[in-house]
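Below you'll find the structure, written out as structure tokens, and then a few comments.
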Amino acid sequence: MSYKILLPQPILESGREYLLERGYELLDGSGFEEEDIIRDIKGCDAMIVRTAKITKRVIEAADRLKVIARHGAGFDGVDLDAAAEKRIMILYAPRSNSESVAELAIFYMLYCSRNFKLVQKLYKDDYRFAKFNVEKHELNGKILGLVGVGNIGGLVARKAALGFDMKVLAYDPYAAGLPDYITPAACREEIFAKSDYVSLHVPATPDTVNSVGEKELAMMKNTAFLINTSRGTIVDEEALIRALQEKRIAGAALDVLRQEPIDPANPLLNMDNVLTAPHIGAATREASARSSLTCAVGIDDFLSGRRPEFPVPPMKKMLDEMGLN
Ligand code: NAD
């Protein structure tokens, strides 16, 4: 009997083909809400998860599940404790989407620097005002402050420093061996106080959730922009809305929000100096193809008794205990 792999959301051909060529049975899910997955998971040995949340209830409903692969770099949407309790391995796909997210962070900075949302809104009715009076700047020579300088933050730093001659400051207590175009910040506060653009690239952890709030926003210059392509939970959204409404910072670009999909009543949607998007950092064809293949390879390795390359860090110990060294 072949192993059965649940796909609550479609994945690109690269991963599908890899699994089909190796004799796996693929089950396209009936949906990706909790109840859909609970219904579909029975009898499945593995699952590739895109944006679906994998809750304790889903894990409890699984009767044959051995491994879950997260189609991306974040894994905060999976209940790791529940999975560990049932000895279900969690894999992910770090680096697969780093280029895409880094490019998007640069796009957001460029968009903010030209006040592009306001220019687009005004120029048909008030060409001259949009051209001459809307505040616009170069990125060249500006200070980019990064919070988190791992795979994505590192690429943003390189593109900003070498491509746009920005000065890059970074705060990351765990990063070592930074290239010479990144200046380590003396403290976290320095990032908020000195930067023209603050860009967030940390995972959602107990240390980082709600770590950008009233205090951090108050330290920012009133000409500075906040760019968030990490997780919506990192930012205290109500404090951010207040800072934007009171013009204490110049604007924001938010790929991620606390509530996704966005609430149509969210005031951020209608602010001229705020760009929001439906979490599109990783949603390029290239990143999706890489993530799809990385997940497929990881599942095949694990189910074939080989050590997968990308377990989520808290699960490495379980692989050791299983003798997969
Ligand atoms: P990564 O693990 O390579 O880098 C994260 C960095 O954050 C690490 O260097 C780590 O040392 C640092 N860090 C951890 N805690 C910190 C803290 N308290 N203060 C400062 N730095 C801290 O991850 P990555 O691939 O660069 O991804 C970063 C995050 O981006 C992911 O965890 C995910 O939440 C998010 N992401 C978003 C999208 C999107 O579509 N918008 C796509 C991929 C990833």
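The values are calculated or read from the model by the stated rules, or taken from the named source; none is laboratory data. Worth saying up front: this structure is predicted, and the values here are computed from it rather than measured. We place every Cβ from the backbone using ideal geometry, glycine too, and count neighbours over all the protein chains shown. These accessible areas exclude ligands, DNA and RNA; they are computed on the full protein's heavy atoms, side chains included. Shrake-Rupley method; radii C 1.70, N 1.55, O 1.52, S 1.80 Å.
The lone criterion from (1) within 16 Å of the ligand (Cβ to nearest atom); (2) buried (at least 23 other Cβ atoms within 10 Å of the Cβ); (3) over 30 Å from Asn140 (Cβ atoms) left unmet by Ile37 is number (1). Being under 18 Å from the mean Cα position of the chain (by Cα) and surrounded by 14 or more Cβ atoms within 10 Å (Cβ to Cβ) is a condition met by no residue of the stretch 129-136. Only one of the numbered conditions (1) surrounded by fewer than 20 Cβ atoms within 10 Å (Cβ to Cβ); (2) among the acidic types (Asp, Glu); (3) under 23 Å from Phe32 (Cα atoms); (4) near the ligand (Cβ under 10 Å from one of its atoms) is violated by Asp263, and that is (4). Counting only residues that are within 27 Å of Val134 (Cα to Cα), within 11 Å of the ligand (Cβ to nearest atom) and assigned to a loop (DSSP other than H, G, I, E, B), the stretch 221-249 holds 1 of them.
Pairing residues of the stretch 286-310 that are without any contact (Cβ under 8 Å) to a residue 24 or more places away in the chain with residues that are open to solvent by 40 Å² or more (accessible area, probe 1.4 Å), at Cβ distances under 8 Å and at least 6 apart in sequence or on separate chains, gives Asp301/Arg307; Asp301/Glu309; Arg307/Asn325; Glu309/Val297. Checking Ala252, Ala296, Ala218 one by one, the residue that is surrounded by fewer than 22 Cβ atoms within 10 Å (Cβ to Cβ), touching a Phe, Trp or Tyr at 6+ places or on another chain (Cβ under 9 Å) and not in a loop (DSSP other than H, G, I, E, B) is Ala218 and no other. Among the residues of the stretch 190-200, the one identified as open to solvent by 30 Å² or more (accessible area, probe 1.4 Å) and within 14 Å of the ligand (Cβ to nearest atom) is Glu190.
Yes/no matrix, rows are residues, columns are (1) open to solvent by less than 50 Å² (accessible area, probe 1.4 Å); (2) within 16 Å of the ligand (Cβ to nearest atom):
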residue	(1), (2)
Glu21	no, no
Ile41	yes, no
Thr55	yes, no
His71	yes, yes
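Scanning the stretch 152-169 for residues that are within 9 Å of the ligand (Cβ to nearest atom) and either without any contact (Cβ under 8 Å) to a residue 12 or more places away in the chain or more than 16 Å from Ile234 (Cβ to Cβ) (or both) turns up Gly154, Leu155. What do you reckon, is Ile90 without any contact (Cβ under 8 Å) to a residue 24 or more places away in the chain, of a type in the set (Val, Ile, Thr) and not in a helix (DSSP H, G or I)? When the stated conditions are applied, Ile90 does not pass them. Against the conditions (1) open to solvent by 30 Å² or more (accessible area, probe 1.4 Å); (2) in the same structural domain as Arg158 (by TED's automatic domain parsing), Met109 satisfies every one except (1).
Checking Gly145, Gly177, Gly163, Gly150 one by one, the residue that is within 22 Å of the chain's Cα centre (by Cα) and open to solvent by 30 Å² or more (accessible area, probe 1.4 Å) is Gly150 and no other.
Per-residue answers, yes or no, for (1) out of contact with any Lys or Arg (no Cβ under 7 Å at 6 or more places or on another chain); (2) closer than 18 Å to Ala224 by Cα:
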site	(1), (2)
Asn151	no, no
Gly154	yes, no
Arg158	yes, no
Tyr171	no, yes
Ile182	yes, no
Ala186	yes, no
Ile191	yes, yes
Val198	yes, yes
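The selection criterion, being of a type outside the set (Lys, Arg) and open to solvent by 20 Å² or more (accessible area, probe 1.4 Å), does not hold for Asn97.
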